[in-house]
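Notes to accompany the following structure.
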Amino acid sequence: MIDDIAEKVYRCERLNLEDARRLWAHPNLAELGLLADHTRRRLHPEPVVTYNVGRNINYTNVCWVKCDFCAFYRKPGSSEGYVLSREQIFAKIDELVAFGGEEPKSCELLMQGGLNPKLRLDYYEELLSAIRDHYPMVQLHCLSATEIIYIAHLSRLSLAETIARLRQAGLDSIPGAGAEILDDGVRDIIGFRKDRTQEWLEVHRLAHGLGMRTTATMMYGHVETTEHRLQHLHLLRQLQDQTGGFTAFITWNFQPDHTGLGADPQRWQGRKATGFDHLRTVAVARLFLDNFSHFQASWVTQGPKIAQLSLGYGIDDFGSTMLEENVVSAAGTSHTGQMNLARMQELIRDAGYQVRRRNTRYQLVATPPRPAALAVAASA
Ligand code: SF4
């Protein structure tokens, strides 16, 4: 029975960890959805679902960290390693702008890569400032906390100074990638070279302190327990209470193909999270993270139909059009080929919502994407 928790939700009272534990164990998924949807409608009374015109650019796949859940990286020295040239990056941004138009900061560039020992702070400063100067319509939503920590380390600078310099060069906001599960024991198992829990939080804390906005993520369904997920959400909620700097929460499940973790039965039990797991995770997170305004769908990992269904489990935003995706698709799962903007709009409307375009800060963008862009498929 969760009647007492439902009462708290209807009275807008904060849920505690024990409430969240009970919700996670509650067998009736539809009831979780009803409660999460109530919270979503309280926060967003208008029947609107937003999306963002954006693309990913993975500027390098060279990475020494070698996380066991990642199929994207290539070791330094690998013949398959790459660093995109300035011309290649600009050509990709040209495609984004052709799709999204000229309104300032209306097109989101999510640029992330591996931890490449050859790329120092000056590389990033030059690249970011060049993009900022050429493309005022582009929001530079770039570099995970993991990358920023490594750039600081390579450059022998403090995290605060590194973030300030990147911001000065044009970095607008920071994506929440690299959080995985914020527990050092879990991180030791899935990627022991990766930054620690407190380091990931510190990057976001510092960025918020500079007035930057960031997102928060959770990758679940590998070696973690429900308790780890709850503690992860608890850490995010605490930081959001302190700074208010997170714009959105996004969660997706571990994609095992072509990964060291996925091939290791000692560490991974071999059961990929189902759509039910995903909806439960989204709903409980929506109820617990009462200080997060927005929840994004994860159509790349869950596919169009579960993403559409998640609109009834607390999701208010369909995320990015993501004209290119390389990381999840390297792990054998990608629904990018099934999605374009027309399809995204159809999924939202069929679920009973109006469609609105937004920017990275969740401000509505009046200019629609170019009509020809509707049919441009997301690609892997
Ligand atoms: S997840 Fe990121 S840090 Fe880890 S191996 Fe892949 S690219 Fe490197």
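A few points about this structure:
- Phi angles of region 101-107 translate, via the Karplus equation with coefficients 6.51, -1.76, 1.60 and θ = phi - 60°, into HN-Hα couplings of x, 9, 4, x, 6, 8, 10 Hz per residue; Gly and Pro are given as x.
- The residues packed around R86, meaning those with a beta-carbon under 12 Å from its beta-carbon, carry a net charge of -1 if Lys and Arg are +1 and Asp and Glu are -1.
- Region 230-281 and region 56-114 have Cα centres lying 23 Å from one another.
- In Hz, Karplus ³J(HN,Hα) per residue of region 148-163 (6.51, -1.76, 1.60; θ = phi - 60°; x = Gly, Pro): 5, 4, 6, 4, 4, 4, 4, 8, 6, 10, 6, 4, 4, 5, 4, 5
- Between V83 and L34, the contour length at 0.36 nm per residue exceeds the alpha carbon distance by 13.0 nm.
- Going by accessible surface with a 1.4 Å probe and the largest first, T321, T274 read T274, T321.
- Amide H within-cut-off set for E108, under 5 Å, with H built and near neighbours excluded: V53, G54, R55, Q139
- If you count Lys pairs in the chain whose Cα atoms are under 28 Å apart, skipping same-chain pairs closer than 8 places in sequence, the total is 14.
- Think of it this way: in the chain, C12, C63, C107, C142 stand alone, with no other Cys Cβ under 4.7 Å.
- Taking the DSSP bridge list for region 3-375 and keeping only pairs wholly inside it, about 5 percent are antiparallel.
- Length added when fully stretched, S155-F276, from 0.36 nm per residue minus Cα-Cα: 39.1 nm
- Over the chain, dividing the summed -39,500 (n - 2.57) contributions of all DSSP H runs of at least 4 residues by the number of residues returns a 222 nm mean residue ellipticity of -13000 deg cm²/dmol.
- E126/R361 FRET efficiency (R0 30 Å; Cβ-Cβ; nearest 0.05): 0.75
- Taking θ as phi - 60° and the Karplus parameters 6.51, -1.76 and 1.60, the scalar couplings of region 25-42 work out to 8, 5, x, 8, 4, 4, 5, 4, x, 4, 5, 4, 5, 4, 4, 4, 6, 5 Hz in sequence order, x denoting glycine and proline.
- Averaged over residues, the count of other Cβ atoms within 10 Å places the peptides 259-269, 211-221 in the sequence 211-221, 259-269, highest first.
- Protection proxy ranking of 47-54, 310-317, 184-191 - average other beta-carbon atoms within 10 Å, highest first: 310-317, 47-54, 184-191
- Across the protein chains, with a 1.4 Å probe defining accessible surface, the residues K66, K305 rank K305, K66 from largest area downward.
- Average silhouette area of region 209-288, convex hull of alpha-carbon atoms, in square nanometres: 6.2
- Note: the chain, Cα convex hull, 126 Å³ per residue.
- Only Lys, Arg, Asp and Glu carry charge here, each on its Cβ (+1 for the first two, -1 for the last two); on that basis the chain has a dipole of about 180 debye about its Cα centre.
- Panel values: region 31-184, Kirkwood radius from alpha carbon pairs, Stokes-Einstein at 25 °C and 0.890 mPa s, translational diffusion coefficient 142 µm²/s.
- Dipole-positive endmost among N52, A71, H26 within region 1-80 (Cβ charges, Cα centre): A71
The values are calculated or read from the model by the stated rules, or taken from the named source; none is laboratory data. Note that the coordinates shown come from a computational prediction; the quantities given were computed from them, not determined experimentally. We place every Cβ from the backbone using ideal geometry, glycine too, and count neighbours over all the protein chains shown. Ligands, DNA and RNA are stripped out before the accessible areas are found, and what is left, the full protein with its side chains, is counted by its heavy atoms. Shrake-Rupley method; radii C 1.70, N 1.55, O 1.52, S 1.80 Å.
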